[in-house]
Structures are given as C-alpha cells and as structure tokens.
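Peer 1: Sharing a structure with you now.
The values are calculated or read from the model by the stated rules, or taken from the named source; none is laboratory data. Bear in mind that the values here come from a model prediction, so they are computed numbers and not experimental data. Note: ideal-geometry Cβ built from the backbone for every residue, glycine included; neighbour counts use all protein chains shown. The area values use the complete protein model at the heavy-atom level, side chains included, leaving out ligands, DNA and RNA. Shrake-Rupley method; radii C 1.70, N 1.55, O 1.52, S 1.80 Å.
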Amino acid sequence: MRRPQLVQGLAVAIGVALAGCNLIAPGPTTPTLALGPPHFVEETETSGIDHVYAGGPTFAVGGGVAAFDCNGDGKPDLYIASGRNPAALYRNDSAVGGALHFTRLPDPATDLDNVNGAYPIDIDGDGHTDLVVLRNGETVLLRGLGGCRFERANEAWSFDGGDGWTTAFSATWQGSAPLPTLAFGQYLRFDQSGAATSDCADNRLVRPSSNAPGYRPPVALTPGYCTLSILFSDWDRSGRRDLRMTNDRQYYIGGEDQLWRMAGDELPRPYTDADGWVSLQIWGMGIATYDVTGRGYPDVFLTSQGDNKLQTLTAGPAQPTYRDIALKRGVTAAQPFTGGDVRPSTAWHPEFQDVNNDGFIDLFISKGNVSEMPDYARRDPSNLLLGQADGTFKEAADAAGVLNYGRGRGAALVDFNLDGMLDLVEVNYGEHVRLWRNVGAGDAAQPAAMGNWLAIRPAQPGPNRDAIGACLEVQVGNVTMRRELTVGGGHAGGELGWTHFGLGASAVAQVRIHWPDGEVAAWQQVNANQFVEMDRGAAQPRVWQPGR
C-alpha cells in the first residue's frame with residue numbers, strides 16, 4: 001500500500017475550526033462532561049453511492065459492508081454486499097472536512113454475486129488490504145494489488161472456499177505463522193438441489209500450511225448452531241485469542257452461544273460448564289467488544305431479537321464466566337424507541353465508537369425485521385446510544401438526525417472525510433444503502449467540533465503488519481480507554497484503518513500499545529486532533545497529514 005505523507009510533530013489541519021473550541025484544555029483532562037448528540041446530515045443522494053442489498057430468504061441474514069483504505073490516501077473506501085445483485089467497490093473521493101463523495105469502481109474481480117458480506121484484512125502482509133468475501137456458495141479471497149484493484153487468490157493461497165451459506169468471519173495470527181488463521185461461520189446447510197434446509201451447518205477453521213505459502217484443508221468446528229457472528233478475542237488478556245460465536249436459536253435445538261479455546265496448533269475445543277462457561281441461548285446476530293466497565297478486559301455486546309446482552313466477566317479472567325449488565329447500563333434496546341410499534345426489535349450490527357468525542361464510548365445498533373416476521377417490529381429504527389458519565393447510555397438517534405425505518409443490516413462508523421468526526425453508513429435489506437455525515441455541533445455548511453479526538457494506526461514488521469490482536473490504550477487524566485484490534489464480529493462486515501478515540505476536553509493523551517506477542521510499549525504523549533502512525537520500535541509516533 002502506498003503510505004500517505006508523514007509529517008513529524010505537525011497537527012492536522014482539518015477544515016474545522018478547533019482553536020476556538022472552548023473544550024480545548026492546556027493539558028490532560030479527565031472526561032467528566034457527557035456531551036449531547038452530534039448532528040448527522042444525510043448525504044445519500046449526493047454521495048454517488050447507489051446500491052441495494054436484496055434477495056430472497058437466503059439473503060435475509062446478510063448485508064454487510066467493509067470499510068478500508070484501498071488506495072493509500074488514508075480515507076476509508078467501501079465494499080458493499082449485494083445479495084442477488086453484484087457487490088460494489090466504492091472509492092472515497094471526499095474532500096477533507098467536506099461533503100461525502102464516492103465513485104463506483106466496476107471490476108469483474110469485485111463485482112461478485114450472492115455476497116452476504118466482506119471483511120478487510122492484509123492476509124499476505126504486503127501492505128495492500130485484501131478482502132474476504134462471504135457468499136452463498138464459494139467464499140472468495142481477493143488479494144489487494146494497490147490502487148483499489150483486486151484479484152482472486154483462492155488458488156494462489158490454496159484456499160478451499162467451500163459451497164455453503166457463509167455468514168460470519170474472523171481472523172487472527174498464531175505464533176510465527178506467515179498467514180492468519182481464518183474462521184468462517186456457516187448458517188443453514190444447503191441440500192443437493194441448492195435449497196436451504198432447516199439444519200445448522202458446521203463452522204470452518206482454516207490454518208496456514210506449515211511448508212508452503214498457503215492454507216491447509218478446513219477443519220470442521222462441530223457442532224454448529226447457525227452462526228451469524230464470530231470474533232477472535234483475547235478475552236482474558238492471556239495472549240491467547242479464543243473464538244467467540246453467537247448463534248441464531250431460530251433453528252438450533254439444544255444449542256447455545258459458544259467460546260472455542262484456541263491453544264497453539266491444537267484442535268479447538270468449546271468451553272463447557274466445567275470451565276465456567278454459562279450457557280446462553282439467544283437469537284444471536286452480531287458481536288462487539290470494548291472495555292466498557294474499565295476493568296481491563298473486553299466486555300461483549302451481543303445483538304438479538306428482543307433484549308440485547310452486554311456481558312462482563314463475573315470474577316476476572318480465571319474463567320470465561322459472564323454476567324449480563326445490559327439492563328443496568330441501559331443498552332437492552334429490546335423494543336423500538338419510537339414509531340409506535342411495541343413488538344420486540346430485531347438487532348444486527350453493533351459498534352462501539354465515540355461519535356461526539358466526549359471521551360465516553362457510544363453504541364450504535366442497526367435494526368430491522370428479518371423479512372416479514374409478524375411477531376417482531378416492522379417499524380424498528382436503529383439505535384444511537386450515547387455514553388454517559390455514570391456509565392449508562394441514552395438514546396439519541398432521533399436528535400442526531402439518523403432516525404429511519406429501513407430494515408437495517410450491516411453498518412460502519414468511520415471518518416470518511418478525515419475531519420475527526422465519525423460518519424455513518426448503513427446497509428438495508430431490500431432498500432438503498434444510506435450515508436450520513438457527522439457535522440458535530442454545526443451544520444452541513446459549517447461543521448463544528450464538539451470534543452477533541454485522536455486517530456491511531458499501529459504498524460509492525462512481519463506478516464501481521466496491522467498488529468491485529470494488539471490492545472491500544474489511551475489515557476486521558478484518570479481515565480484509560482482500551483480497544484482491542486480485531487478482524488471479525490459486527491454483522492457481516494468490518495473495518496480496517498484508523499482507530500478513533502474521543503478525548504473530551506483534553507488537548508493531549510498518553511498512548512501505549514500492547515503488541516500481539518505480549519510486548520508492552522512505553523507510554524508516549526500525543527497531542528489531540530491528529531492522525532498518528534505508531535510504528536513498533538519507533539522512538540516517537542508520527543503524525544500523518546491528509547492530502548488536499
């Protein structure tokens with residue numbers, strides 16, 4: 001990937017007047033003031049994105065979007081799932097701090113049909129982001145060539161893409177392997193005619209070959225319980241990344257959500273009640289992790305039909321025993337918060353981000369009826385839950401301007417125009433993709449920052465260039481924010497690139513990285529309102545200046 005120009009010690013000029021913002025303080029300031037909702041301006045019609053995810057029942061549980069930089073300009077581009085239509089790659093041509101504009105890049109390599117979702121990852125460590133494309137049929141690995149160009153790589157990497165109904169993905173690097181370990185979640189089995197049965201398929205684990213630059217045949221993770229989201233996560237901060245699965249009880253009998261222990265090259269095994277695992281049966285749709293409680297371990301948010309779950313470790317990392325704190329924190333989101341429909345909600349993509357940059361993490365949840373399920377809400381708007389100083393969350397989607405009644409599926413909160421404020425893209429089932437620009441406390445003509453922020457991109461030598469599995473820590477006053485870098489989770493799509501932190505009133509932050517192999521870097525002070533490259537072993541972070 002062509003790396004953008006780096007400027008040592010230079011603050012980013014973003015077209016938003018930060019100097020006059022009364023939140024800026026001369027030093028580290030502990031976040032204490034939870035801000036209100038930012039203003040989002042919908043720019044779907046003028047953005048150049050004209051895309052619909054559609055198809056019959058076998059596409060009702062897909063609809064993901066991948067956000068990543070495919071041409072090295074630092075801006076997130078988009079690859080959007082198709083259903084029965086061709087998937088679409090969109091290059092981000094937005095001006096820094098300006099309106100959102102995208103250009104579709106047609107190409108037979110990326111215009112695949114029957115796509116449920118996609119995840120960005122640099123599989124071969126060459127600096128170009130690749131794509132893992134989940135389909136009804138063969139899963140396809142697309143190797144990035146730079147300049148937003150891709151080529152099919154299944155054969156070159158000896159990868160067996162199968163022919164199942166693939167709905168989930170995650171990846172991790174194990175030991176010194178030159179390629180990542182890949183895991184795929186499967187939904188229902190197809191019969192010989194290609195029709196969906198009512199039986200849950202086994203999931204698949206694909207490990208690198210030990211004597212060639214490619215992959216071994218897949219290993220079945222059985223039993224499978226109709227998996228819709230999976231995530232490799234270092235849940236106990238042991239350095240071992242186990243595989244969490246959330247499963248759709250619509251079809252399984254006697255099943256549950258799962259956590260598979262991944263120890264070296266051993267065959268994975270599911271944790272059981274003997275290990276402290278507590279059985280959980282939900283209509284599992286999506287996974288998001290973040291250290292919400294501040295205890296040092298990733299808490300787990302699970303979307304479902306009806307009430308959603310926020311799980312935290314009961315008594316530390318000795319056992320994978322979780323308790324639900326969703327009700328206490330105000331994130332059950334079990335019914336539509338407005339619109340008059342009182343039936344249970346159907347939630348899909350969850351994502352923790354700080355949309356108003358106040359230093360308190362927020363939570364977005366996409367929602368929408370599966371298709372025509374009469375027992376569940378038809379008018380089911382997505383949630384934007386703002387974090388409060390006391391650790392609870394409050395609904396703000398309507399006040400923020402993102403209220404809509406589309407059948408939401410995949411989504412992404414990323415900074416498309418590099419102004420330090422997170423924008424929103426949401427995929428809808430049977431309806432157009434929608435796009436909103438975050439203008440903070442201002443409007444479309446005159447955006448205004450609400451709080452300070454920091455965007456970090458770590459890098460290390462070797463095959464795992466993007467340091468997947470690392471934990472980023474950002475300390476502001478007496479608060480430490482922690483985010484684990486992962487590939488997977490969400491609903492049928494994910495993001496790769498800048499990791500965003502809101503800093504509230506603080507003009508500086510202390511930053512350190514727990515690298516994937518366990519080495520912990522020293523704390524380094526970084527000024528607010530910058531894009532920062534943190535190379536492993538470097539004496540100082542490097543500040544990146546977006547092009548004009």
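Peer 1: Scan Ala67, Ala34 and give me the residue that is of a type in the set (A, V, I, L, M), more than 29 Å from Cys200 (Cβ to Cβ) and part of a strand (DSSP E or B).
Peer 2: None of the others qualify; the one that does is Ala67.
Peer 1: Looking at (1) crowded, with 23+ Cβ neighbours inside 10 Å; (2) modelled with pLDDT of 95 or more; (3) not hydrophobic (A, V, I, L, M, F, W, C), can you tell me which one Gly72 breaks?
Peer 2: Just one mismatch for Gly72, condition (1).
Peer 1: Picking from Ala153, Ala118, Ala109, Ala171, which residue would you name as being in contact with a Ser or Thr (Cβ under 8 Å, 6 or more places away or on another chain), aliphatic (A, V, I, L, M) and at pLDDT 95 or above?
Peer 2: So the residue among Ala153, Ala118, Ala109, Ala171 that is in contact with a Ser or Thr (Cβ under 8 Å, 6 or more places away or on another chain), aliphatic (A, V, I, L, M) and at pLDDT 95 or above is Ala171.
Peer 1: Considering each residue of the stretch 484-537, count those that are open to solvent by less than 20 Å² (accessible area, probe 1.4 Å) and among the polar types (S, T, N, Q), and give that number.
Peer 2: Going through the stretch 484-537 one residue at a time, the tally reaches 4.
Peer 1: Can you tell me which residues in the stretch 427-447 are of a type in the set (Gly, Ala, Ser) and open to solvent by 10 Å² or more (accessible area, probe 1.4 Å)?
Peer 2: Of everything in the stretch 427-447, those that are of a type in the set (Gly, Ala, Ser) and open to solvent by 10 Å² or more (accessible area, probe 1.4 Å) turn out to be Gly430, Ala441, Gly442, Ala444, Ala445.
Peer 1: Output yes when any residue across the stretch 120-132 is of a type in the set (S, T, N, Q), at negative phi and crowded, with 24+ Cβ neighbours inside 10 Å, and no when none is.
Peer 2: yes
Peer 1: How about the stretch 352-402: which of its residues are within 20 Å of Glu431 (Cβ to Cβ), open to solvent by 10 Å² or more (accessible area, probe 1.4 Å) and among the acidic types (Asp, Glu)?
Peer 2: Scanning the stretch 352-402 gives Glu372, Asp398.
Peer 1: Which of the residues spanning the stretch 84-99 are closer than 23 Å to Gly430 by Cβ and touching a residue at least 40 places away in the same chain (Cβ under 8 Å)?
Peer 2: Within the stretch 84-99, Ala87, Leu89, Tyr90 meet the criteria.
Peer 1: Select from the stretch 75-96 the residues that are of a type in the set (A, V, I, L, M, F, W, C) and in a loop (DSSP other than H, G, I, E, B) and write down the one among them that is surrounded by the most Cβ atoms within 10 Å (Cβ to Cβ).
Peer 2: Ala81
Peer 1: Of everything in the stretch 470-521, what is outside any loop (DSSP other than H, G, I, E, B), within 11 Å of the chain's Cα centre (by Cα) and of a type in the set (Val, Ile, Thr)? Give them in sequence order.
Peer 2: Correct list: Val487, Thr499.
Peer 1: Another question, if that's okay. Among the residues that make up the stretch 456-468, is at least one of them touching a helix residue (DSSP H, G or I) at 6+ places or on another chain (Cβ under 9 Å) and either open to solvent by 10 Å² or more (accessible area, probe 1.4 Å) or farther than 24 Å from Val331 by Cα (or both)?
Peer 2: Among the residues of the stretch 456-468, not one is touching a helix residue (DSSP H, G or I) at 6+ places or on another chain (Cβ under 9 Å) and either open to solvent by 10 Å² or more (accessible area, probe 1.4 Å) or farther than 24 Å from Val331 by Cα (or both), which makes the answer no.
Peer 1: In addition: Output the residues belonging to the stretch 492-515 that are more than 21 Å from Pro180 (Cβ to Cβ) and either of a type outside the set (Ser, Thr, Tyr) or touching a Cys at 6+ places or on another chain (Cβ under 9 Å) (or both).
Peer 2: The answer is His500, Phe501, Gly502, Leu503, Gly504, Ala505, Ala507, Val508, Ala509, Gln510, Val511, Arg512.
Peer 1: If you check Thr58, Thr103, Thr46, which single one turns out to be part of a strand (DSSP E or B) and either open to solvent by 10 Å² or more (accessible area, probe 1.4 Å) or polar (S, T, N, Q) (or both)?
Peer 2: Within the list Thr58, Thr103, Thr46, the selection yields Thr103.
Peer 1: Still on this model: Kindly check whether there is at least one residue in the stretch 531-539 that is under 23 Å from Thr293 (Cβ atoms) and either modelled with pLDDT of 95 or more or out of contact with any helix residue (DSSP H, G or I) (no Cβ under 6 Å at 6 or more places or on another chain) (or both).
Peer 2: no
Peer 1: Would you mind listing the strands (runs of 3 or more DSSP E) fully within the stretch 157-250 where at least 1 residues are closer than 18 Å to Ala263 by Cα?
Peer 2: Answer list for the stretch 157-250: 166-172, 181-186, 203-206, 219-221, 227-233, 242-247.
Peer 1: What about Tyr53, is it in contact with a Cys (Cβ under 9 Å, 6 or more places away or on another chain) and either closer than 30 Å to Leu188 by Cβ or open to solvent by less than 10 Å² (accessible area, probe 1.4 Å) (or both)?
Peer 2: So Tyr53 fails the test.
Peer 1: Which of (1) crowded, with 24+ Cβ neighbours inside 10 Å; (2) in contact with a His (Cβ under 9 Å, 6 or more places away or on another chain) does Trp165 not meet, given it meets every other one?
Peer 2: Evaluating Trp165 over (1) crowded, with 24+ Cβ neighbours inside 10 Å; (2) in contact with a His (Cβ under 9 Å, 6 or more places away or on another chain) leaves (2) as the failure.
Peer 1: Cβ-Cβ distance below 9 Å, separation of 6 or more or different chains: which pairs start in the stretch 504-528 with a residue that is more than 11 Å from Pro28 (Cβ to Cβ) and end on one that is aromatic (Phe, Trp, Tyr)?
Peer 2: Once the first residue is more than 11 Å from Pro28 (Cβ to Cβ) and sits in the stretch 504-528, its partners that are aromatic (Phe, Trp, Tyr) give Val511/Phe501; Val511/Trp523; Arg512/Trp523; Pro516/Trp173; Ala521/Trp515.
Peer 1: While we're on this one: Just to be sure before I move on: is Gly408 buried (at least 24 other Cβ atoms within 10 Å of the Cβ) and either at pLDDT below 95 or under 24 Å from Ile230 (Cα atoms) (or both) in the structure I sent?
Peer 2: When the stated conditions are applied, Gly408 passes them.
Peer 1: OK, next. Looking at Arg207, Arg216, which is the one that is at pLDDT 95 or above, touching a Lys or Arg at 6+ places or on another chain (Cβ under 7 Å) and open to solvent by less than 50 Å² (accessible area, probe 1.4 Å)?
Peer 2: Arg207
Peer 1: When you look at Phe190, is it farther than 30 Å from Gly296 by Cβ and open to solvent by 20 Å² or more (accessible area, probe 1.4 Å), yes or no?
Peer 2: Judged against the criteria, Phe190 is a match.
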